[in-house]
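Visitor: Quick one: this structure, given as structure tokens, is what I'll be asking you about.
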Amino acid sequence: MELSTIKRNITRVKDGLSNTVFDDLAIEEPLEIQLEYGALTNRQCKSISITMRTPVHDKDLAIGFLYTEGIITKAEDVIAIKNAESWMSENPNNVIIVQLKPDVVVDLNRLERHFYTSSSCGVCGKSSIDALKTVRMPILKQGEPKVNKDTILLLPETLRKSQEVFDSTGGLHASAIFNTKGEMLLVREDVGRHNAVDKLAGAALMNKLIPLNNHIILFSGRASFELVQKSAMMNIAIMAAVGAPSSLAASLAEEAGMTLIGFLREGRFNIYTHSERINE
């Protein structure tokens, strides 16, 4: 059974008084993603990523990471996904192995693009966006879908009601997929923003929901370059965030033809790119 929180004995100070209570903390543990690929007579297994995550929906996370990084293109590329055997790791629950079909061509150089988006390496914005052009960026249909602004305004409340772990810990990011009527289809939480959207991407891919060109994605925090890229890989045309977008996120959304919304809270929002999709 997957566990996302743990109780800890803490000292709580309030109004000058101290008392001992139990508090729920969001679990944070490393997950190593290994890839098994190649011809049946010459299979290879490589570790391709280690990320700190909340240990729930690990299979979604692994599949979503491979999809948004351009390693796989469809659910059928995957033969199986499993945890490591006990002899392979001290904690096999923190190692997940994705087995690909023999005919899937694996270009591990694509994973170099991950470092543009997840590290403070000093790469300029133009170089970061140019790097993404080598990774299967979909073409979004301009002007579609159309969504009413009142629908957009209701999304944060819907997401907030579904954040079960956040309610007990206050320490998780969330991302969710909505249709154009504002109905939530999928939601995932994690200590890492990029992990939350990878979990969402993995679930959407395995449930045959991609492409999501007539859907909206919402993030509980700010909108970063990496989140725009991962959303674009799912063909999402409208991306909204409760927090602020970065300059590079807006540049990439403009380049991808995506509508980018920020500061979606308290009855207001800003549209940074491609406002033609939002109706009065």
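Bear in mind that the values in this text are calculations on the coordinates, not laboratory data. Everything numeric here is computed off the predicted structure, so don't read it as measured data. In this analysis, Cβ positions are derived from the backbone assuming ideal geometry, glycine residues included, and neighbour counts consider all displayed protein chains.
Visitor: Eigenvalues of the Cα gyration tensor times 5, then square-rooted: what semi-axes does that give for the chain, in whole angstrom, largest first?
Guide: The three semi-axes for the chain are 29, 28, 17 Å.
Visitor: Given the DSSP H assignment, sum -39500 (n - 2.57) over each helix run of at least 4 residues in the chain and divide by its residue total; what's the result at 222 nm in deg cm²/dmol, nearest 500?
Guide: Computed ellipticity for the chain at 222 nm equals -8000 deg cm²/dmol.
Visitor: When a footprinting reagent is the concern and you count Cβ atoms within 10 Å, what order do Met239, Met52, Met206 take, fewest first?
Guide: Fewest-to-most Cβ neighbours within 10 Å comes out as Met52, Met206, Met239.
Visitor: Suppose R0 equals 41 Å; then what is the FRET efficiency for Ser47 and Glu255 from their Cβ-Cβ distance, rounded to the nearest 0.05?
Guide: With a Förster radius of 41 Å, E is 0.80.
Visitor: At a Förster distance of 41 Å, what's the computed FRET efficiency of Arg160 paired with Leu40, Cβ-Cβ distance as r, to 0.05?
Guide: My answer for the efficiency is 0.30.
Visitor: Next question. Need one number: % antiparallel among DSSP beta bridges in the stretch 147-279, to the nearest 5.
Guide: For the stretch 147-279, the DSSP antiparallel bridge percentage is about 60.
Visitor: Based on DSSP, what percent of beta bridges with both residues in the chain are antiparallel, to the nearest 5?
Guide: About 70 percent, rounded to the nearest 5.
Visitor: Could you give the length gained on full extension between Asn214 and Glu276, defined as 0.36 nm per residue of separation minus the Cα-Cα distance, in nm?
Guide: 20.9 nm
Visitor: A further question follows. Among Phe22, Phe269, rank each residue by its count of other Cβ atoms within 10 Å, from fewest to most, as a rough exposure measure.
Guide: Arranged by neighbour count, lowest to highest, Phe22, Phe269 become Phe22, Phe269.
Visitor: Amide H neighbours of Glu144 under 5 Å, at least 5 residues apart or on other chains, H built in the peptide plane: list them.
Guide: Residues meeting the amide H criterion: none.
Visitor: Which FRET efficiency value, to the nearest 0.05, is calculated for Thr180 and Asn91 with the Förster distance at 41 angstrom and r the Cβ-Cβ distance?
Guide: 0.45
Visitor: Another question, if that's okay. For Lys230, which lysines qualify as cross-link partners when the Cα separation must be under 22 Å and same-chain residues fewer than eight apart are set aside?
Guide: Those lysines meeting the cut-off are Lys59, Lys74, Lys126, Lys133, Lys141, Lys146, Lys199, Lys208.
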